[in-house]
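Chemist: Next up is a structure, given as structure tokens.
Bear in mind these aren't lab numbers, they're just calculated from the coordinates by the rules spelled out. Quick caveat: nothing in here was measured; it's all calculated off a predicted structure. Cβ coordinates were reconstructed from backbone atoms using ideal geometry, including for glycine residues, and neighbour counts include every protein chain displayed.
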Amino acid sequence: MRSDTHIAAALVIERGGADEAPANDTGTLEIPGETPAEEALALSRGARAVDIRFAKFSDGRGFSLAAILRERGYTGSIRAVGQIIPDQAGLLARAGFDSVKPDAEGPQGRWALAHPGSETAYQPGPGASAPSAFLRRAAIARKRQVERLNAEFADASPDQILAAADLFEGRIAMLSSFGAEAAVGLALLARSAPDVPVLFLDTKRHFAQTLSYRDRLAAHLGLKDLRVIEPDPAEEAEQDGDERLWRRDANACCDLRKVRPLARALNGFEVLITGRKRYHGGERETLQPFEFDGERIKVNPFAAMGAEEVAALYRELDLPPHPLVAEGYPSIGCWPCTAPAQGGDLRAGRWAGQDRDECGIHRPLGEGRARYRLI
Ligand code: SF4
């Protein structure tokens, strides 16, 4: 039996006994409750679920650890495992746990009595997450921080904005498509913050030239921490068995191959650097150096850069161009959804003929995905 219910301020109580991971659950991390917070935060990055093990019910460090993970932006599922007793149910929920799997099964009714909002199930629902007060408080703090940073860095250069990324040391990653303009942002990052992880979404629909360019450019720039993010194989098999989802429903395809894999990879990261620029047009025309998407801070150090500046930096830094640029592709994504383009509209070749110009990974969470709508 499996509960798919999204838990709102409730706690899923699982039966005790041998652990049996859900079939698709490839990213669960188990850490002891006494793990130092910084170590737990580092380990949780990219994990879609965290189990915090309580060695004794009288040791409260696991509660603090969950609360810190929530406050620092961990949005995956957190489960308490081990020596937990029903009297602690309310505390678990307040600390940001989604579910509990006690060693001793005990009467399920006692848990329901201790925390009336609880539900009982053998496994937590996939994607269950805790809309706890901790997440909400963290979101409000981030929104305010972004307002302050935008006021401070309104006229700053890309290097100055990237330097400000130091504020988020250890909690920040950069997203790169290794497309037509990616080398500039990556080169500036490699110069000012070489330890920041670079995330590449391998949709399995990239041009072969993009994959070889990615490897060549990463070696050329000496990128230290390139992470290749792939779609979930089980989700792929279920939703795109015929490999034509891009043709039937591009939104669903981007969701499967970009939005969800990125969301999983970003667990534990609070901040994401993007390469978007205002001159790309569309929704990007009003980009600010910092934005809050309802969950994370996005840093857009190159927002104000123009096409001439990008071209000049390619020459000045002696950067290799993406091989498809010479073939008329000014913006490069997946092969089924990218065509050559001419004229001023740089992204005209992306989803040409369709009513879309973004894949959804940069969509504000307020648009149907937000846990909290902040006003
Ligand atoms: Fe699928 Fe096209 Fe989106 Fe790539 S860009 S994930 S192929 S719909």
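Chemist: Could you give the length gained on full extension between R148 and F57, defined as 0.36 nm per residue of separation minus the Cα-Cα distance, in nm?
Modeler: Gain on extension, R148 to F57, equals 28.5 nm.
Chemist: How big is the equivalent ellipsoid of region 134-337 along its three axes, where each semi-axis is √(5λ) from the Cα gyration tensor, reported in whole Å from largest to smallest?
Modeler: Ellipsoid half-lengths, sorted descending, are 26, 23, 16 Å.
Chemist: Just in region 165-254: which GluC sites (Glu not before Pro) are loop by DSSP and have at most 14 other Cβ atoms within 10 Å?
Modeler: E169, E243
Chemist: Amide H of G82: which non-local residues (sequence gap of 5 or more, or other chain) have their own amide H closer than 5 Å, using H built in the peptide plane?
Modeler: Excluding prolines and chain starts, which carry no amide H, the hits are F54, K101, D103.
Chemist: Per-residue HN-Hα couplings for region 323-336, Karplus 6.51 cos²θ - 1.76 cosθ + 1.60 at θ = phi - 60°, whole Hz, x for Gly and Pro?
Modeler: Computed from phi, the couplings for region 323-336 are x, 7, 4, 5, 9, x, 9, x, 9, 10, x, 6, 4, x Hz.
Chemist: Taking θ as phi - 60°, what are the ³J(HN,Hα) couplings along region 246-253 by the Karplus curve (6.51, -1.76, 1.60), each to the nearest whole Hz, with x for Gly and Pro?
Modeler: Coupling constants for region 246-253: 4, 7, 6, 7, 5, 4, 5, 5 Hz.
Chemist: To continue, here is another question. Going by amide H atoms built from the backbone, whose H comes under 5 Å of the H on K298, apart from near neighbours?
Modeler: For K298, whose amide H was placed from the backbone, the distant partners under 5 Å are L272, E291, F292, D293.
Chemist: If the limit is 25 Å between Cα atoms, which of K56/K101; K101/K204; K143/K277; K224/K258; K224/K298; K101/K143 go over it?
Modeler: Correct reply: K101/K204; K101/K143.
Chemist: Ok, one more. Quick one: pull the percentage of alpha-carbon pairs in region 190-243 with a separation above 18 Å.
Modeler: Above the 18 Å cut-off, region 190-243 has 44 percent of its Cα pairs.
Chemist: Using a cut-off of under 16 Å, list every residue of region 184-212 whose amide N is near the label point 7 Å from the Cα of R227 along the Cα-to-beta-carbon line.
Modeler: Those under the cut-off are 194-203.
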